[in-house]
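Peer 1: Next up is a structure, given as structure tokens.
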Amino acid sequence: MDRLPVGLQELKMLIHLNLEFTKVVSCDWISNLSRLRTLKLAGSQVWLDMSLMKELQLLKHLELVSINICSSLVGKLLLYDPRVGRCIQYINIEDRPEEESLQVFVLPAMDTLRRINIWKYGGREIEVVEKTPLNKSPTSPPCFSNLSYVQIGSCDGLKDLTWLLFSPNLTYLCVVESKQLEEIISKDKAASVLKETHNDTVVPFKNLEDIVLDDLPELKSIFWSALPFQRLNYVSVFKCVKLRKLPLDSKSILKVEEFGIDC
């Protein structure tokens, strides 16, 4: 879709609007749709900025949002209005050519977040802020209790993805074309994080069903020991020449007859 249908802005009773993967470039009129409950913009040409955030603030019935956002603005905008922030369930994060890439971008803990895509981020680290108005239990993990789907690609500066420790219900993980990624969960960072949160019993990926790893030339480890994958069905590993071992043993897979692996 290149252009919005004539008269769309006048549909005062409209409650669901899906513009994902369209060529729409602006939603500076969206507050006209005062009854809107669902707004899907991920994959479109619309990016969350302060102007759009102020439009979303005017939508008092809003319940679900999917959105694109530049990595340099993630923390600032998601925390700007907690009511709007709690509506956001799917975020697509990228570095934009006109924006300077941060070495560390801050990802606020969000109970409501269900899906996150991170593309073309050039920095070295993702830092999670646990204590935010966007999660119901700000004093203890898990921070992303509903996050189930994570895609990461072309993030050449990242060394690890230890923040995934905070995603106990993750079911799908895809990481591709990230040239410096060495570990999925770093043992040293995990120990530090768990010490800070006074929690040494976190076991990642218990609900993981599918994992795809492709073109990660420096990847050496997913996790440092075997894990109890309660639901794992499929593992795909390609062009990860330094990855010599998967975190599996004879007890890791419950339904071996349904398990598939491609390498």
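Peer 1: Report the charge-dipole magnitude of the chain in Debye, nearest 20, computed about the Cα centre from +1 at each Lys and Arg Cβ and -1 at each Asp and Glu Cβ.
Peer 2: 640 debye
Peer 1: Just tell me which lysines come within less than 27 Å, Cα to Cα, of Lys12; anything on the same chain fewer than 8 places away is out.
Peer 2: Partners found: Lys23, Lys40, Lys54, Lys60.
Peer 1: Taking the highest mean first, how do the peptides 98-105, 5-12 order by number of other beta carbon atoms within 10 angstrom per residue? Mind showing how you got there, number by number?
Peer 2: Numbers: 98-105: 13.2, 5-12: 10.5.
Ranking, from highest mean packing down: 98-105, 5-12.
Peer 1: Treat the count of other C-beta atoms within 10 Å as a stand-in for reagent exposure and order Thr162, Thr171 from fewest to most.
Peer 2: Thr171, Thr162
Peer 1: Here is a further query. Quick check on the chain: helices-only [θ] at 222 nm, where DSSP H runs of length 4 and up contribute -39,500 (n - 2.57) each and the sum goes over total residues. Nearest 500, please. Please list the in-between numbers first.
Peer 2: On the way: 4 runs with 27 residues, N = 263.
Using -39500 (n - 2.57) per qualifying helix, the result is -2500 deg cm²/dmol.
Peer 1: Return the lysines within reach of Lys187: Cα separation strictly under 16 angstrom, same-chain partners fewer than 8 residues apart disregarded; answer none if there are no such residues.
Peer 2: Within the straight-line cut-off, Lys187 pairs with Lys159, Lys195, Lys220, Lys245.
Peer 1: To test your reading of the geometry: what angle, between 0 and 90 degrees and rounded to tens, separates the Cα axis of helix 187-196 from the longest principal axis of the chain?
Peer 2: Relative to the chain, helix 187-196 is tipped by roughly 60 degrees.
Peer 1: Let me check against my output: what whole-number percent is the relative contact order of region 105-262, with C-alpha pairs under 8 Å and at least 6 apart? Working shown, then result.
Peer 2: On the way: 387 pairs, mean separation 27.5, N = 158.
17 percent.
Peer 1: Thinking of region 115-263 as a set of Cα atoms, what percent of all their pairs are more than 27 Å apart?
Peer 2: 18 percent
Peer 1: Let me ask something additional. Tell me which residues come under 5 Å, amide H to amide H, from Thr22 once H is placed; ignore anything under 5 positions away on its chain.
Peer 2: Ser44, Gln45
Each value in this text was obtained by applying a stated rule to the coordinates, not by laboratory testing. Quick caveat, the model's predicted, so the values are computed rather than measured. Don't worry about glycine lacking a Cβ; one is built from the backbone with ideal geometry, like all the others, and counts go over all protein chains shown.
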